[in-house]
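Here it is: the structure, laid out below.
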Amino acid sequence: MKRLCTHGMGIHGMAIAGLLATVAVPASAADTITVASWGGTYQEAQTKAFFDPTAKELGITIKQDTTNGLDDVRLQVTGNAVKWDITELGADECARGSKEGLFEKLDYNVIDKSGINPKLVHGDWVGISYTSVVLIYRTDVFGDKGPKTWADFWDVEKFPGRRALSGSQSTETLSVAALAKGIPIDKVYPVDIDGALQSVDKIRGHIDAWWTSGAQAMQLVKDGEVDMASIWNGRAGTLKKEGAPVSFSFDQGVLTADCMVIPKGSKNKDIAMKALARFVSPELQANLPLYVDNGPANQKAFETGKIPPERIKDINSAPENVKKQVLQDPEFWRDTLVEATEKFNNLIQQ
């Protein structure tokens, strides 16, 4: 519904128009925002968990788009052609984009940040969900005696077999390599990059595949091309649901957060702020694991009673599971990512 035109009306007509305008709630063009995320089953889950309920609650229209990451936001902002009001990014991208001044400041009088890890609450970005890197192994090869820690994964004599690690996610593989050295979970960050690279160097000759996508990691394990691998928890969960002979746990997992930002120059900043506040609220965060294996960023989601108790134990960001994992530190990677990735790539390509 368009705004009522009051041009050329008498005072009385304007008063009636004003009254009608307050009674009529349908969204106008001004009450439309565009949210960009990663597409696929994840964005479908977000639509049901976050976007649809928020649109209904606020009486707005939420249009959707997909993003390839920080480069897309940078192009829009620097070109003065911002078409998104909210977009999702990886937390390390949020840290970098923040340093470049690409995002609007967030109003924490509107957004309630309680329940979100302080490492994921910043002046211009906030955590939205978690993925975990976990160790998976085939039970038809090892029974229940497979590698349980990254030190086990690195132990090629005790656990012979074909292996796969991520070649595209240097931050995750370097975190895993630090754990393989026996560094305790709470001491992994700040990562000793040279030490982690030495750890990768030790296992490098025993890696049969360096995977570059979640689908590839899943396929390698599913087809039995490898006996053990690092893999994202959503892919591991899918393999299990499909009946593949696999085992994994969140012990020594590496938690990676996604975040949301309002790109600098958004035309609908105020409505975007209200929408973002709803996305990170415990009530809507609790919806996410009902549709997908990404964990809520807001720990209070687990207190809402919305998530069935038997489901909670399988969610990577559930309080009991968070304790067993390393949270990747976005601020650390903001300053070290480029150099670390270059060294990592040179090493695994030798």
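Each row is one residue, and each column tells you yes or no for (1) open to solvent by 30 Å² or more (accessible area, probe 1.4 Å); (2) of a type in the set (A, V, I, L, M); (3) out of contact with any Pro (no Cβ under 9 Å at 6 or more places or on another chain); (4) within 27 Å of A340 (Cβ to Cβ).
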{"position": "E57", "(1), (2), (3), (4)": "yes, no, yes, no"}
{"position": "D65", "(1), (2), (3), (4)": "yes, no, yes, no"}
{"position": "V73", "(1), (2), (3), (4)": "no, yes, no, yes"}
{"position": "V77", "(1), (2), (3), (4)": "no, yes, no, yes"}
{"position": "C94", "(1), (2), (3), (4)": "no, no, no, yes"}
{"position": "E100", "(1), (2), (3), (4)": "yes, no, yes, yes"}
{"position": "L120", "(1), (2), (3), (4)": "no, yes, no, yes"}
{"position": "G123", "(1), (2), (3), (4)": "yes, no, yes, yes"}
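For segment 76-105, give me each residue that is of a type in the set (A, V, I, L, M) and over 13 Å from S37 (Cα atoms).
The answer is V77, A81, V82, A91, A95, L102.
Another question, then. How many of the residues in segment 79-92 are over 19 Å from the mean Cα position of the chain (by Cα) and open to solvent by 30 Å² or more (accessible area, probe 1.4 Å)?
Adding up the residues that qualify gives 4.
Next up: Hey, does segment 171-191 have a residue that's under 16 Å from V134 (Cα atoms), assigned to a strand (DSSP E or B) and of a type in the set (S, T, N, Q)?
no
Residue-wise test of (1) open to solvent by 10 Å² or more (accessible area, probe 1.4 Å); (2) in contact with a helix residue (DSSP H, G or I) (Cβ under 7 Å, 6 or more places away or on another chain); (3) among the charged types (D, E, K, R).
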| position | (1), (2), (3) |
| --- | --- |
| V226 | no, yes, no |
| S230 | no, yes, no |
| D251 | yes, no, yes |
| A272 | no, no, no |
| V280 | no, no, no |
| Q285 | no, yes, no |
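Can you report the number of residues in segment 257-270 which are over 22 Å from L75 (Cα atoms) and buried (at least 24 other Cβ atoms within 10 Å of the Cβ)?
Final tally of qualifying residues: 1.
Please enumerate the residues belonging to segment 248-298 that are part of a loop (DSSP other than H, G, I, E, B), closer than 21 Å to V134 by Cα and out of contact with any Leu (no Cβ under 7 Å at 6 or more places or on another chain).
The answer is S249, F250, D251, G253, Y291, V292, D293.
Taking the condition assigned to a helix (DSSP H, G or I) and among the polar types (S, T, N, Q), does N316 pass? If you could, list the steps in order and put the result at the bottom.
On the way: assigned to a helix (DSSP H, G or I): no; among the polar types (S, T, N, Q): yes.
No, not satisfied.
For segment 138-169, which residues satisfy the criterion of being open to solvent by less than 50 Å² (accessible area, probe 1.4 Å), out of contact with any Ser or Thr (no Cβ under 6 Å at 6 or more places or on another chain) and not small (G, A, S)?
Of everything in segment 138-169, those that are open to solvent by less than 50 Å² (accessible area, probe 1.4 Å), out of contact with any Ser or Thr (no Cβ under 6 Å at 6 or more places or on another chain) and not small (G, A, S) turn out to be R138, F142, P147, T149, W150, D152, F153, W154, V156, F159, R163.
Okay, residues lined up against (1) open to solvent by 60 Å² or more (accessible area, probe 1.4 Å); (2) farther than 22 Å from L197 by Cβ; (3) aliphatic (A, V, I, L, M); (4) outside any helix (DSSP H, G or I):
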site: A301; (1), (2), (3), (4): no, yes, yes, no
site: G305; (1), (2), (3), (4): yes, yes, no, yes
site: E320; (1), (2), (3), (4): yes, yes, no, no
site: W333; (1), (2), (3), (4): no, no, no, no
site: L337; (1), (2), (3), (4): no, no, yes, no
site: E342; (1), (2), (3), (4): yes, no, no, no
site: N346; (1), (2), (3), (4): yes, no, no, no
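The values are calculated or read from the model by the stated rules, or taken from the named source; none is laboratory data. Because the structure is predicted, anything quoted here is derived from the model rather than measured. Note: ideal-geometry Cβ built from the backbone for every residue, glycine included; neighbour counts use all protein chains shown. The protein model used for the area step is the full one, side chains on, heavy atoms only, and it has no ligands, DNA or RNA in it. Shrake-Rupley method; radii C 1.70, N 1.55, O 1.52, S 1.80 Å.
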